[in-house]
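Here's the structure, in structure tokens; my notes come after.
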Amino acid sequence: YKNYEMYDSMIRLVERYHKDLVESTHLNLARQLETKGKFKNAEVHYIAANEWKSVVHMYCLASKWEDAYRIARQKGGDDASNQVVFMWAKSLPSEAAARLLTKMGQLDSTINFACEAGQFEFALDICRITERSADDVHLKIAMTLEDEGKFTEAESEFLLANKPKEAIMMHTHTGDWKSAIRIAEKYVPEAVTDILMSQANAALESRNYPEYEALLIRAERPELIVQHYRDYGMWNDAMRIAREYVPVAVTELQRLQAKSNRGSATDSRYL
């Protein structure tokens, strides 16, 4: 039966007498038929052997994209079919790929798949040809570059994605305050104060008080300096800042300092 390519009869006998070999027989037949270019027959046996991915692979290698898409969609769902559509589009010139994806209604899914696969140039090309916004693509490029530690390139992509706040956040996380403020001043002026305050907190953690003061004064929040120094009993520094920048707080500071001094004196009598 095999020699005469009477495969149905061959399989019938295998099913009857060698049940344990049914799948492997289908698989061997499928591979032989594929090498002979008998793709439809090979498909039948691959499917019978539960090897639908081999069918998709076979059709993709043969550039039989419609058949590859058909099987991928039937057996693998959206994930598999999206991958086939992406490969199909990649095999075509950009203009033809854009037409195909538009016709199939697969523009967004293919662009997303391309980004997940790191094929950003292809995704940008399709966006350009179809006149679609490329903001999401640039954003994904930026996040990939950030993960790789390529912060300068990531910044450019964040800005191309119209996401200056994300660029600011990236620089803030890495402690590049100068770059964060540079972007904020140009694109998000209202964020400058928050950045200066975050930088001031970082300076405070490292006990760099001159920088801490300079940053909060630049952020026009000297009252926070006074409050911090007051809370930690640094009365001379609190008074110095208050006299120069928060004069309305001087009287209250003097009262609190006097009270603190009286409390210290009282405590010392019991030592």
Checklist entry - Separation of the range 103-128 and the range 139-177 by C-alpha centroid, Å? => result 21 Å
Checklist outcome for this item: Within the set R240, R73, R182, GNM on the chain using Cα springs under 10 Å gives the largest fluctuation to R240
Checklist entry - Which lysines have a Cα less than 20 Å from the Cα of K53, not counting those fewer than 8 places away in the same chain? => result K36, K38, K40, K64, K75, K90
Item to check | Calculated FRET efficiency for the pair L61/D147, C-beta based, R₀ 35 Å, to 0.05 | outcome: 0.55
Item to check | At most 13 other Cβ within 10 Å, DSSP loop - GluC sites (Glu not before Pro), the range 121-220 | outcome: E131, E148, E220
Checklist entry - How far, in nm, would the chain grow between K36 and N3 when pulled straight, counting 0.36 nm per residue and subtracting the alpha carbon separation? => result 10.5 nm
Item to check | Low-density loop positions, chymotrypsin sites (Phe, Trp or Tyr not before Pro), the range 183-261 - DSSP coil, at most 15 other Cβ in 10 Å | outcome: Y232
Next on the checklist: Nearest 500 deg cm²/dmol is fine: what mean residue ellipticity at 222 nm does the chain get from its DSSP H runs of n ≥ 4 alone, each adding -39,500 (n - 2.57), divided by its residue count?
Outcome noted: -23500 deg cm²/dmol
Item to check | Accessible area per residue, Å², the chain with all protein chains present, probe 1.4 Å | outcome: 61 Å²
Item to check | Sites matching chymotrypsin sites (Phe, Trp or Tyr not before Pro) across the range 1-101 that sit in DSSP coil, with at most 12 neighbouring C-beta atoms within 10 Å | outcome: Y4
Checklist entry - Roughly to the nearest percent, how much of the accessible area of the chain is carbon and sulfur, given a 1.4 Å probe? => result 49 percent
Item to check | Student exercise, the chain dipole from Lys, Arg, Asp, Glu Cβ charges, in Debye to nearest 20 | outcome: 460 debye
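Given charges of +1 on the Cβ of Lys and Arg and -1 on the Cβ of Asp and Glu, with all other atoms neutral, how large is the dipole of the range 106-217 about its Cα centre, in debye to the nearest 20?
220 debye
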Checklist outcome for this item: For E190 and K90, extending 7 Å from Cα along the Cα-Cβ vector and measuring point to point gives, in nm, a value of 4.3 nm
Checklist outcome for this item: Charge dipole of the chain built from unit charges on the beta carbon (Lys, Arg +1; Asp, Glu -1), centred at mean Cα; most positive-end Cα among N201, L216, V55 is V55
Item to check | From the coordinates shown, volume of the Cα convex hull per residue in Å³ corresponds to which of (i) 171; (ii) 225; (iii) 241 | outcome: (ii)
Checklist entry - Once a ≥ b ≥ c are taken as the square roots of the eigenvalues of the Cα gyration tensor of the range 67-195, is the result rounded (a/c under 1.5), prolate (a/b larger than b/c) or oblate (a/b not larger than b/c)? => result prolate
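The values are calculated or read from the model by the stated rules, or taken from the named source; none is laboratory data. Worth saying up front: this structure is predicted, and the values here are computed from it rather than measured. Note: ideal-geometry Cβ built from the backbone for every residue, glycine included; neighbour counts use all protein chains shown. Just the protein is used for accessible areas: all its heavy atoms, side chains included, with ligands, DNA and RNA removed. Shrake-Rupley method; radii C 1.70, N 1.55, O 1.52, S 1.80 Å.
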